Amino acid sequence: MTASAPTRASLRAPGVVLFLAFVDVFALLPTVAPHIASLGAGAAAIGLAVGAYSATNLPANIVGGILVDRHGRRIVTIVGLVAAAVTVAAYSLAVSVTGFIAVRLLHGIAGGILVPAVFAAAGDRARRGAEGRAFGRLGAVIGAAAVLAPATAGVVRQTAGTDAVFLGVAGMLLVGAVVAFFGVHDAPSAAQASRAERVARPRAMRTLLQVAPIRRALLGTVVLTAAVGVLAGFLPGRAESLGAPASAVGGLFTAYALVAAGLMLSPVAGRVDRSGADAPMALGLVTIGAAMLLLSVAPNLGVAVAGSALFGAGYGLIFPAVTAATSSSSTVATRGRAFGLFNVAFSLGLAVGPPVIGALAEAVPTLDPFTQAAALALAAGATITVVASRGAGSGHVGEVPDELGKPHAGP
């Protein structure tokens, strides 16, 4: 057995659950709008339905992180999967726009408590000093869901209707609950916390935000997902303006996903474990900035594909770094909260970045969305480099808040 084999084996169940959790998210992206439109929704209601998930998902990430630390990864994961399955199945029962949006709000809560639990379980299983490679593999799992789920959902919707998509995803989530029942376990030390530790845990969220590596990971995550949102929102129009047919647009995103997944599965992800999270994070942000600049001036589709692939390289560097820093800078007693904060940052970048950048581009036509995203990524990369070089920690295992809420050196 190789040295990395135990980590691979211990991450199998969380990996399966994480894949199914993100199949839920990505399969519904192309499904929600056409379904609610068939119920008579106008443009405003469609936008409300799409955004309703995030409206409850963001606060649920925080609550979910607290629940994970208090009650354990296993039970919260199972409850989250079952709740998500019930709400996704309920989409097919909604007969009005209002009812559908209400279900969408409940679905956001279920997803909000589920994802921090799975990430925390994976962080518990990852060996100390091997978090980068572990979360690189999980990032590739999410990438696979992003590639496969929307396309599959589109085929199912065309052949059997949107209800078939909802019921199919609900069934997969129930399968995930069975996998979690047998394969997701709590770390032994989670049940051994002293009374003093349990009393101090309400302060853990504030303490985590005072840990420098976590703050830098949150910054990198917000900027990364803001850039992803800009790519998703504006790349199709840029490609079509270069004369690309609509069928070729998907290839741009495939190039991005394949490069990102390949890098996260490669030994490059292990650089986080050797040298800390800050250097890969900063390099990834600079790479994304360069990709966005390339896309802003792309004269043809070939250059656009190269820019998309370069963006994937940046993503492949950043994701293992920010997740490993989040995991290694927290303890078993605070890791749920830490990944709750991570998921808030992840969703916040997607929710806020594209609308703000789009509004600025509309108000000032010379402000190209890709150029704005490039400036944001380059500024964040420079900030992380400067702050880390001033001795704020490596972002590797560095400062870790213990269960009493007091920083101590990681093992």
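Taken together, the values in this text are just the output of simple stated rules run on the coordinates, not laboratory data. Remember, it's a predicted structure, so these values are computed and weren't measured experimentally. Quick reminder, even Gly has a Cβ in these numbers, built from the backbone with ideal geometry, and neighbours come from all protein chains shown.
Quick notes
- Over all projection directions, the Cα-based convex hull of segment 199-411 averages an area of 12.1 nm².
- Test item: Cα-centred dipole of the chain, Lys/Arg +1 and Asp/Glu -1 on Cβ, debye: 1020
- On a per residue basis, the convex hull of the C-alpha atoms belonging to segment 110-158 measures out at 75 Å³.
- Across segment 234-329, Cα-Cα pairs more than 14 Å apart make up 64 percent of the total.
- Viscosity 1.567 mPa s, 4 °C: Kirkwood-radius Stokes-Einstein D of segment 9-186 over Cα pairs, µm²/s: 79
- Each stretch of four or more DSSP H residues adds -39500 (n - 2.57); spread over every residue of the chain, this sum gives -26500 deg cm²/dmol at 222 nm.
- Taking the Cα centre of segment 199-411 as origin and assigning +1 to Lys and Arg Cβ atoms and -1 to Asp and Glu Cβ atoms, the resulting dipole is close to 620 debye.
- Placing unit charges on each Cβ (+1 for Lys and Arg, -1 for Asp and Glu) gives segment 199-411 a dipole about its Cα centre, and among Pro365, Pro267, Pro354 the Cα reaching farthest toward its positive end belongs to Pro267.
- Val63-Ala102 FRET efficiency (beta carbon distance; Förster radius 22 Å; 0.05 resolution): 0.70
- Here's the picture: charge each Lys and Arg Cβ at +1 and each Asp and Glu Cβ at -1 in segment 199-411, and of Val230, Val303, Val387 the one pushed furthest to the positive end of that dipole is Val387.
- Computed from the Cα positions only, the extents of the chain along the three principal axes stand at 59, 48, 44 Å, in decreasing order.
- On full extension, the segment bounded by Val352 and Val364 gains 2.5 nm, given 0.36 nm per residue less the C-alpha separation.
- Exposure proxy shown here: for Thr366, Thr87, the number of other Cβ atoms within 10 Å sets the order, fewest to most, as Thr366, Thr87.
- Think of each Lys and Arg Cβ as +1 and each Asp and Glu Cβ as -1; about the Cα centre, that makes the dipole of segment 9-186 roughly 440 debye.
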